[in-house]
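To start, the structure under review is shown below, and the notes come after it.
The values are calculated or read from the model by the stated rules, or taken from the named source; none is laboratory data. Given the structure is predicted, the values throughout are model-derived calculations rather than measurements. Quick reminder, even Gly has a Cβ in these numbers, built from the backbone with ideal geometry, and neighbours come from all protein chains shown.
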Amino acid sequence: MAVTVLIPTPLRAYTGNQESLELEGSNISEVLDNLTSTYGDLKKHLYNAEGQLRNFVNVYLGDEDIRHLDKGQETPLSGGETISIVPSIAGG
Amino acid sequence: MLDLDTSNTELSREELERYSRHLILPEVGVEGQKRLKAGKVLCIGSGGLGSPLLLYLAAAGIGRLGLVDFDVVDHSNLQRQIIHGTSWVDKPKIQSAKNRILEINPYCQVDLYETRLEASNALDIFGDYDIVVDGTDNFPTRYLVNDACVITGKPNVYGSIFRFEGQATVFNYEGGPNYRDLYPEPPPPGLVPSCAEGGVLGILPGLIGVIQATETVKILLGKGTTLNGRLLLYDALNMKFRELKLRKNPATPPITELIDYEQFCGIPDAAAEQEKTADIPEISPADLKERMDAGKDFVLVDVRNPHEYEICQIPGATLIPLSKIESGDGVVEVKALTNGSELIVHCKSGMRSAKALAILKEAGIEGKNLQGGILAWGDAYDPSIPKY
């Protein structure tokens, strides 16, 4: 049950410059665990010391912020979905 | 719809001619054009985003444009900040912008605030305007703009860019979400590089800035569907647009007063970080030149990125990027390279080389930091080195 994970420019340095990855997982949390175990340097950019997703990195399932999903990171996946990581940027 | 009083707004014959392509659009018409003329828009920053959006807002006939910026035009701005011309280098950006705006449209009133936007002046400045457009380039000012918009009840037309990617939305409009609903907290300093450090495709702010201008005009007209509640993502490299839902977050605390935004964004921590590198010994370009001319035994390491090395080099320098030193591989390389010789490290202006030396010091390798980096070296001895 692979899903597509879209990696934003600022974090591509930690995924060997890959823009998009196919990862396994039965829910969002498992997919993100797979992501950070494959690309260890990503972990500190996605999670704080308490293991919570950082407040300046948003994760979307399709077009919905997972903060607004009833089950949050535990939302089940059936495969084929797209998960996007969208960090805060400030350039102008 | 924004409450705008157009009862005293008239369009002259010259203005009717100027705006004729607007006037024949049923969505604009004379009443819409009067709304644009009655509109007061404040633009924070006249840089990459501010340049294109100010040009179009001026041409569209916005009656009053306010500009907040304290910066002067630099050569490195001209690749994207298209409101400024070469003859304005070293002169204030807002003067340059006003000059260009009035050249495009003399019917526009331009009010200048040559100051840094601060918690102490934001509410006073915002109070006079209908819409605020965020064209700033840093997190503290973005949170300040957001909070001041929430407190004064102004829509915040948001855009931001990084390398080849842009984001745009409309915050705090018709009861919709604000910046803190999207990102409750900023990243710690240094985690996300600025345009000066990370680079930016010059055309990118053009597109995002024009989206901001479009949303501003639509809000003034009260027509169409704005980006309120939607975050637009743009990827220039792959020419892809995406849209994400943006909702109010019940966990966002109410914004009732302005705070210390430097502290909120962890800037004092960055100052503490800098102190760590304060006791790294330095060497002046003159002393380096003396060692070179005397043929002394030393090793010069350049910790910039490879694409910066391509732009210019100091003769004899070995490239070992800071990222490599941070990951540990570079430390081993430096150790093998120096082998008892004196170590001198440089970067563009001295910050990254100090950081590299602090890491090397922990590994037992002492060295000196070239004061002012390759730019200072260029000033003193090599006019061919560009101020990139």
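Looking at the stretch B:117-126, is at least one residue at pLDDT 95 or above, within 13 Å of chain A (Cβ to nearest Cβ) and either touching a strand residue (DSSP E or B) at 6+ places or on another chain (Cβ under 7 Å) or over 16 Å from B:Gly47 (Cβ atoms) (or both)?
yes
If you scan the stretch B:120-145, which residues turn out to be of a type in the set (A, V, I, L, M, F, W, C) and surrounded by 22 or more Cβ atoms within 10 Å (Cβ to Cβ)?
B:Ala122, B:Phe126, B:Ile131, B:Val132, B:Val133, B:Phe139, B:Leu144, B:Val145 - these are the residues of the stretch B:120-145 that are of a type in the set (A, V, I, L, M, F, W, C) and surrounded by 22 or more Cβ atoms within 10 Å (Cβ to Cβ).
So, in the stretch A:18-33, how many residues would count as being buried (at least 16 other Cβ atoms within 10 Å of the Cβ) and more than 14 Å from A:Glu81 (Cβ to Cβ)?
Selection size over the stretch A:18-33: 0.
For B:Gly198, which of the numbered conditions (1) under 24 Å from B:Gln79 (Cα atoms); (2) surrounded by 17 or more Cβ atoms within 10 Å (Cβ to Cβ); (3) in contact with a Lys or Arg (Cβ under 6 Å, 6 or more places away or on another chain) fails to hold?
Answer for B:Gly198: the failing condition is (2).
Which of the residues spanning the stretch B:311-352 are more than 25 Å from the chain's Cα centre (by Cα), of a type outside the set (D, E, K, R) and in a helix (DSSP H, G or I)?
B:Ile325, B:Ser327, B:Gly330, B:Val331, B:Val332, B:Val334, B:Ala336, B:Leu337, B:Thr338
Step by step: first the residues of the stretch B:284-325, then only those that are in contact with a strand residue (DSSP E or B) (Cβ under 6 Å, 6 or more places away or on another chain) and among the hydroxyl-bearing types (Ser, Thr, Tyr), then the one that is surrounded by the fewest Cβ atoms within 10 Å (Cβ to Cβ). Which residue is that?
Across the stretch B:284-325, the extreme among qualifying residues is B:Thr318.
Could you identify the single residue in B:Gln95, B:Gln81 that is under 24 Å from B:Thr169 (Cα atoms) and not hydroxyl-bearing (Ser, Thr, Tyr)?
Answer to the check: B:Gln81.
Quick test of your reading of the structure: B:Phe164 fulfils all but one of (1) within 14 Å of chain A (Cβ to nearest Cβ); (2) of a type in the set (Phe, Trp, Tyr); (3) buried (at least 22 other Cβ atoms within 10 Å of the Cβ). Name the failing condition by number.
Among (1) within 14 Å of chain A (Cβ to nearest Cβ); (2) of a type in the set (Phe, Trp, Tyr); (3) buried (at least 22 other Cβ atoms within 10 Å of the Cβ), B:Phe164 violates only (3).
One line per residue, one yes/no per condition, for (1) in a loop (DSSP other than H, G, I, E, B); (2) out of contact with any Lys or Arg (no Cβ under 6 Å at 6 or more places or on another chain):
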| residue | (1), (2) |
| --- | --- |
| B:Gly209 | no, yes |
| B:Glu215 | no, yes |
| B:Ile219 | no, yes |
| B:Thr252 | yes, no |
| B:Gln263 | no, yes |
| B:Ala278 | yes, yes |
| B:Arg291 | no, yes |
| B:Leu300 | no, yes |
| B:Tyr309 | no, yes |
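What is the number of the single condition among (1) acidic (Asp, Glu); (2) more than 12 Å from chain B (Cβ to nearest Cβ); (3) more than 24 Å from B:Ala251 (Cβ to Cβ); (4) exposed (fewer than 14 other Cβ atoms within 10 Å of the Cβ) that A:Asp41 does not meet?
It fails just one condition, (2).
Evaluate the stretch B:106-113: report whether one residue or more is over 16 Å from B:Tyr261 (Cβ atoms), surrounded by 24 or more Cβ atoms within 10 Å (Cβ to Cβ) and free of Cβ contacts under 8 Å to residues at least 40 places away in the same chain.
Within the stretch B:106-113, the first condition is being over 16 Å from B:Tyr261 (Cβ atoms), and the residues that meet it are B:106-113.
Going one step further and asking which of them are surrounded by 24 or more Cβ atoms within 10 Å (Cβ to Cβ), we end up with none.
No: zero hits.
For the stretch A:45-92, how many residues meet the condition of being more than 11 Å from chain B (Cβ to nearest Cβ), within 29 Å of B:Leu49 (Cβ to Cβ) and among the charged types (D, E, K, R)?
0
Does at least one position in the stretch B:246-259 carry a residue that is in contact with a Gly (Cβ under 6 Å, 6 or more places away or on another chain) and within 30 Å of B:Asn121 (Cβ to Cβ)? Let's see the steps before the verdict.
Residues of the stretch B:246-259 that are in contact with a Gly (Cβ under 6 Å, 6 or more places away or on another chain), as a first pass: B:246.
Filter once more, so that each one left must be within 30 Å of B:Asn121 (Cβ to Cβ): B:246.
There is at least one residue in the stretch B:246-259 that is in contact with a Gly (Cβ under 6 Å, 6 or more places away or on another chain) and within 30 Å of B:Asn121 (Cβ to Cβ).
Cβ-Cβ under 6 Å, sequence separation 6+ or interchain: first residue in the stretch B:165-182 and of a type in the set (Ser, Thr, Tyr), partner assigned to a strand (DSSP E or B). Which pairs?
B:Thr169/B:Tyr158; B:Thr169/B:Leu231; B:Tyr173/B:Asn228; B:Tyr179/B:Phe171
So is B:Val89 surrounded by fewer than 16 Cβ atoms within 10 Å (Cβ to Cβ), at pLDDT 95 or above and touching a strand residue (DSSP E or B) at 6+ places or on another chain (Cβ under 8 Å) or not?
For B:Val89, the condition - surrounded by fewer than 16 Cβ atoms within 10 Å (Cβ to Cβ), at pLDDT 95 or above and touching a strand residue (DSSP E or B) at 6+ places or on another chain (Cβ under 8 Å) - is met.
Out of the residues in the stretch B:224-250 that are part of a loop (DSSP other than H, G, I, E, B) and without any contact (Cβ under 8 Å) to a residue 40 or more places away in the chain, state the one that is farthest from the other protein chains (Cβ to nearest Cβ).
Among those residues, the one meeting the criterion is B:Thr225.
Have a look at B:Gly176, B:Gly153, B:Gly224 and point out the one that is of a type in the set (Gly, Ala, Ser) and more than 24 Å from B:Thr252 (Cβ to Cβ). Write out each step before concluding.
Working: B:Gly176 fails: more than 24 Å from B:Thr252 (Cβ to Cβ); B:Gly153 fails: more than 24 Å from B:Thr252 (Cβ to Cβ).
Exactly one residue qualifies, and that residue is B:Gly224.
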